[in-house]
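The values are calculated or read from the model by the stated rules, or taken from the named source; none is laboratory data. Please read these numbers as outputs of a predicted model, since none were measured by experiment. Cβ placement follows ideal geometry from the backbone for every residue including glycine, while neighbour counts extend to all protein chains displayed. Accessible surface areas use protein heavy atoms only, side chains included; no ligands, DNA or RNA. Shrake-Rupley method; radii C 1.70, N 1.55, O 1.52, S 1.80 Å.
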Amino acid sequence: MLNNSTKLEDANKFELEVAVDKETFTAATTKAYKKQVKTINIPGFRKGKAPKHIIERMYGKGVFYDDAIQDTYPAALGEAAAEAKLNVVAVEDIDIKEVSDDGYSFTATVVVAPELTVDGYKGIEVEKKSTEVTDEQVDEELQAVRERNGRMVTVEDRAAQNGDTAVIDFEGFVDGEAFEGGKAENYNLRLGDGNFIPGFEEAIVGHETGEEFTIDVTFPEDYNAENLAGKAAQFKIKLHEIKTKELPEVDDEFVKDVSEKDTLEEYKEELKEKVAKRLEEEAEKDFDNQLTDKLVELATEEIPEAMYTNEVNDMINQFDMQLRSQGMNLDTYCQYTGMDRGVLEATYKPQAEKRVKLRLVLEAIVRQESIEVDSAAVEEEYNRLAEAYNMKSEEVKNFIAEEALAQDLKVDKAMQLVRDSAKTK
């Protein structure tokens, strides 16, 4: 398939000259004929029954060429890239050359992933976060348990204050006109959380149950509803009820209610162990994050923008799949949040750049350290993934090529090499 490959002035671009042979092209034109013949009317033949050579005589020899080219060039390009040992990340241009029954040829300008050369990845210095548990942290954990086990009670003898939940009716007006979405009844609003328009919650503080009043606020300039952004508004409020959370007393009885321990001291020891485990996990995550940041800094060579674009698209597709698993999709999410794809792309871009650079650096370490994995390790990973996704190992193999999985395992080993050689300070 590959006739020639030429490196262009851009360090990450090549031009490939590719030929598709007669046998492949003939099979593709036949496939195109079978697909199109159902919709072609030829005098003297029933619809869908005209022979291929008759249609070619009527509409021209190349009537099926375009579909056949579209069907064959991706695979031909992939084979040519593999033959040239190029890791193609984007195709910038396809130029079809001579086309006949004997096949066709084309040139393709492709962008390839760079093969970095890196040093300084051994002995990286990082700061290890403290995992020592303090009494204050145990008390904070205990307070969180109290909060989760508190109960809401109605306040009768005082005005609303921050931390209370106000049960209100409200209706909003701009220039004296009610606006869509600005009305609710018996709405539970926790004061002080900052979930409403700036100034809204603050204006309810100090009012008592049964009061009806009007508050003045201004929508933020960046409010997601353009018709309200920056506008002054008035809200009519009726305060039905003030509720606050009543927390249980911390004693042995409380401990028996929330745990399998009998005394407060025993429970504090359990909480201490829980906090210690969390701090250890946080320290390990922070340790890896510091290593990642240092490794990314080693990627000093030029990296094609196409690699960042591909990674951003993958991240957005993964987000869309996650939304679909929750009964939503990306389009609906964007409607609710006022975002568009451009905003999502800009949001994901920094993380995408970091991921791409990290992968390229780790792949460089794989090459430089001659890291290998055996077939047994690859098979074990297939089995692990099969168990994790409740699939058969053979099904996983249909989704993930052995070469790709082996490369992932090599990259993991490269990261472990970096971890093992790191120095803490």
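Tabulated data
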read-out	value
All-pairs alpha carbon distance profile, the stretch 304-380, 10 Å steps from 0, percent	16, 33, 26, 17, 7
Over the stretch 249-344, equivalent-ellipsoid semi-axes from the Cα gyration tensor in Å	44, 25, 9
Within straight-line cross-link reach of Lys392, aspartates and glutamates at Cα separation under 16 Å, skipping those fewer than 8 residues along the same chain	Glu379, Glu380, Glu381, Glu402
Accessible area in the full protein assembly, largest first, 1.4 Å probe, for Asp412, Asp252, Asp175	Asp175, Asp412, Asp252
Where trypsin sites (Lys or Arg not before Pro) fall in DSSP loop in the stretch 157-221, at most 13 other Cβ within 10 Å	Arg158
Amide hydrogen neighbours beyond the local backbone of Ala90, cut-off 5 Å, H modeled	Val111
Percent RCO, i.e. relative contact order, over the chain, from Cα pairs under 8 Å lying at least 6 residues apart	16
Calculated SAXS-style log₁₀ I(q)/I(0) at q = 0.17 Å⁻¹ - the stretch 75-188, Debye, Cα scatterers	-1.10
Interchain or long-range residues, amide H under 5 Å from Glu211's placed H	Leu239
Coil-residue GluC sites (Glu not before Pro) of the stretch 6-55, DSSP, other Cβ within 10 Å capped at 15	Glu9
Carbon plus sulfur fraction of accessible area for the chain, probe 1.4 Å, in percent	44
Radius 14 Å from Cβ of Ala233, net charge of other residues (Lys, Arg +1; Asp, Glu -1)	-3
Net charge of Cβ neighbours under 10 Å - reference Leu191; Lys, Arg +1; Asp, Glu -1	-3
Distance cut-off 12 Å, percentage of C-alpha pairs in the stretch 95-140 lying past it	81
Semi-axes of the equivalent ellipsoid for the stretch 1-125, Cα gyration tensor, largest first, Å	43, 14, 10
Mean accessible surface per residue for the chain, computed with a 1.4 Å probe while every protein chain stays in place, in Å²	62
Heavy atoms of Glu273 accessible to a 1.4 Å probe, total area in Å² rounded to 10	130
D_trans [Stokes-Einstein, Kirkwood Rh over alpha-carbon pairs] for the stretch 145-252, 25 °C, 0.890 mPa s, µm² s⁻¹	163
Mean projected area (nm²) of the alpha-carbon convex hull when the stretch 302-344 is viewed from all directions	3.1
Probe 1.4 Å - accessible area at Ser370, Å² to nearest ten	90
List Asp67, Asp374, ordered by accessible area with a 1.4 Å probe, largest first	Asp374, Asp67
Candidate values [x] 31.2; [y] 27.6; [z] 35.1, label of the one derived for mean projected area of the Cα convex hull in nm²	[z]
Rg and Dmax of the stretch 276-328, Cα atoms only, in Å	16.6, 43
Asp288, Asp257, Asp193, reordered so the largest accessible area comes first (probe 1.4 Å)	Asp257, Asp193, Asp288
Members of Lys128/Lys272; Lys357/Lys423; Lys268/Lys413 lying beyond 32 Å, as alpha-carbon distances in this model show	Lys268/Lys413
Calculated FRET value between Gln318 and Leu247, using beta carbons and R₀ = 35 Å, to 0.05	0.30
